Amino acid sequence: MPEPGPSDVPGRTGRGRSDRSASAPRNDGPFRDPHAGREAERYADPIASREAILQVLAAADGPMDADALAAHLGLDAPDRRAALDKRLSAMRRD
């Protein structure tokens, strides 16, 4: 049996966007980065890893802007938000 395509998965359309209108992630629990240890070894003041950011965005019911992502990750301080902006720019570039 073939694997389901994007339009065969509940809550998904063939365009890669969710049918749901809300953009908040479905999991309301505390955010946990599976790569936090690696990030702590690399950076003095680590933020969420690329993988964790992608996980949060994938769990969201729709598009999520940088402000909503920063709030979900708990990056309220200006320096933490600037670090997130740099990471998102790098992710776009790569």
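Bear in mind that the values in this text are calculations on the coordinates, not laboratory data. Since this is a predicted model, take the numbers as computed values, not measurements. Reconstructed Cβ throughout: ideal geometry from the backbone, glycine too, with neighbour counts over all protein chains shown.
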Odd one out for HIS35 among (1) without any contact (Cβ under 8 Å) to a residue 40 or more places away in the chain; (2) loosely packed, with under 14 Cβ neighbours inside 10 Å; (3) not hydrophobic (A, V, I, L, M, F, W, C)
(2)
Which residues, taken from region 43-76, are part of a loop (DSSP other than H, G, I, E, B), surrounded by 11 or more Cβ atoms within 10 Å (Cβ to Cβ) and not hydroxyl-bearing (Ser, Thr, Tyr)?
PRO46, ILE47, ALA48, ASP61, GLY62, MET64, GLY74, LEU75
